[in-house]
Amino acid sequence: MAGRQEKDEKGVTAEKDEFSEWFTQIMLKADLADYTAVSGCIAFRPTSYAIWEKIRDEVDKRFKKEGIKNVYFPLFIPEKVLSKEAEHVEGFTPEVAWVTHAGESKLKERLAIRPTSETIMYDSFSKWIRSWRDLPMRLNQWNNVVRWEFKHPVPFLRTREFLWNEGHTVFASKEEAEAEMDFVIGTYDDVCRNFLALPSLIGRKSDKEKFAGAEYTVSMEFLMPHGKAIQGPDFHHDGQIFAKAYDITFLNEEGKKEYAYQNTFAITTRMLGVMFAIHSDKNGLVLPPRIAPTQAVIVPILFDDSRDEVLTLARDVEEKLSKFEVLLDLREEHKPGYKFNEWELKGVPLRIEVGPKDVERKEVVLVRRDTGKKEAVKVRSLAAKVERMLEEIQESLLEKAEKFLRAGVVEAKDLLSVEKVIRSKKIAFVPLCRGVECEDMLKYKSGGAKVLNIPFDGEKRAKGKTCVVCGKKADYLAYVGKSY
């Protein structure tokens, strides 16, 4: 009873359909992040930062194996450098934070705090690339960026400062550059699906929604529990747009000068928020085992007359599970019930209970965080069972997320049905033409929904269909929804 009372005070009190309050409580009570004195900027606590490190490491090792090398460029970008590519700058101008003074002295030129690094990096690329022998140049940096958005900030999902990778690659031909997309999106999808247990809708952005300065954008879109979509990792083929703005040229094998072709791509700490939101429940955080900093927690149940025997078994269990990320909770100041509730709240995938009766039976009790299912397991077979159970949890979370995503996408053949789908907090799959005016009208009629992206087979699947807005021949089928 004492444990349950403590949970009521410490645990999550909002339901998942009260999304904003529920999500905030999980962030704070599961010790994932905290607000700071800077509006719209959060502090990543050890658990969330450890998850980001795992995402970073998994992506990074795939990049390095492919030949992408890490670099680092300045946080500050001179205004004259930033303003060279007009469309790109126009896309970011409302969000740029500026440094205007050093101490009491006004700077001769304003410095932008990096919203993204194309402009500062490409100024150097123009000096580094001279010949076809310098290509391809495939660079990446892991850093922070600042985008001073004035929309309502949401921890992890929309913050004014966030962490990410930004890949910047340069090729001699358009074909080489575009061929990189499969690897980049494949890498992001691999990490999202197989570590975060998150499926997505992958496709090309409409011209209206593409990245500012890109020829086209390929994005991964995720459906959140409250019906809004959110963009995850993306890939931008920039063609020669930046090359012409920053004079990134090379001499080809015939000695003729050519402009290079470029790509940019990123995954951000937003993915932590997406994962927390999709998997977690009314009791708190739920983490997929492959990404969880602690995969299993051992909680000994201690009484004076069996204390030593229980602790001996608990330590034996810890040793047998040394290949996993395991924590032995030996805190004396809290009762087992409190610990059970705390680790449930913090999303540890597996709880291992060790009590006096377990010592007698030479077994322990395993409790799954995702289902709450309990199972007694003999100590001699524990390591193999824990390995299987962690994989089952990982697979179950992915399967559940896939089912949620499939159920959240509904075909709509006219504006009335689009409005109905959006009101039901789902994503509409809609035939559209390429007209920007039709996208604008769609957004107006649907109460703010927009084209999220167009699946790669979207044009093929539009055959024989008509645009839901103008009634003319549809150019593609697109995912449409409200989004962050």
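Key figures
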read-out	value
Failed criterion for Arg114 (all others in (1) of a type in the set (D, E, K, R); (2) surrounded by 15 or more Cβ atoms within 10 Å (Cβ to Cβ); (3) more than 30 Å from Ser20 (Cα to Cα) hold)	(3)
Criterion (modelled with pLDDT of 95 or more, under 22 Å from Leu405 (Cα atoms) and surrounded by 22 or more Cβ atoms within 10 Å (Cβ to Cβ)) met by exactly one of Leu442, Leu477	Leu477
Residues of the range 445-464 classified as surrounded by fewer than 20 Cβ atoms within 10 Å (Cβ to Cβ) and either within 27 Å of Phe404 (Cα to Cα) or touching a Gly at 6+ places or on another chain (Cβ under 9 Å) (or both), total	10
Matching option when the condition is of a type outside the set (S, T, N, Q), surrounded by fewer than 20 Cβ atoms within 10 Å (Cβ to Cβ) and touching a Leu at 6+ places or on another chain (Cβ under 7 Å), among Trp132, Trp142, Trp128, Trp148	Trp132
Boolean, Ala478 is part of a strand (DSSP E or B) and either among the acidic types (Asp, Glu) or touching a residue at least 60 places away in the same chain (Cβ under 8 Å) (or both)	yes
Residue match in the range 362-372 (condition: surrounded by fewer than 20 Cβ atoms within 10 Å (Cβ to Cβ) and assigned to a helix (DSSP H, G or I))	no
The range 221-263: number of residues that are surrounded by fewer than 23 Cβ atoms within 10 Å (Cβ to Cβ), in a loop (DSSP other than H, G, I, E, B) and touching a residue at least 60 places away in the same chain (Cβ under 8 Å)	8
Complete set of residues in the range 28-69 that are under 16 Å from Leu345 (Cβ atoms), in contact (Cβ under 8 Å) with a residue 60 or more places away in the chain and either in contact with a strand residue (DSSP E or B) (Cβ under 7 Å, 6 or more places away or on another chain) or not β-branched (Val, Ile, Thr) (or both)	Lys29, Ala30, Asp31, Leu32, Ala33, Pro46, Ser48
Residue list for the range 297-341, filter: among the polar types (S, T, N, Q) and under 18 Å from Lys362 (Cβ atoms)	Ser306, Thr312
Filter result for Asn165 (in contact with an Asp or Glu (Cβ under 7 Å, 6 or more places away or on another chain), at pLDDT 95 or above and in a strand (DSSP E or B))	no
From Leu272, Leu287, Leu196, residue being touching a residue at least 60 places away in the same chain (Cβ under 8 Å) and part of a helix (DSSP H, G or I)	Leu272
Where a residue in the range 394-411 is exposed (fewer than 15 other Cβ atoms within 10 Å of the Cβ) and its partner, wherever it lies, is among the aromatic types (Phe, Trp, Tyr), with Cβ under 9 Å and at least six apart	Glu411/Phe429
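The values are calculated or read from the model by the stated rules, or taken from the named source; none is laboratory data. Remember, it's a predicted structure, so these values are computed and weren't measured experimentally. A quick note on method: Cβ atoms are made from the backbone with ideal geometry, for glycine too, and the neighbour counts reach across all protein chains shown.
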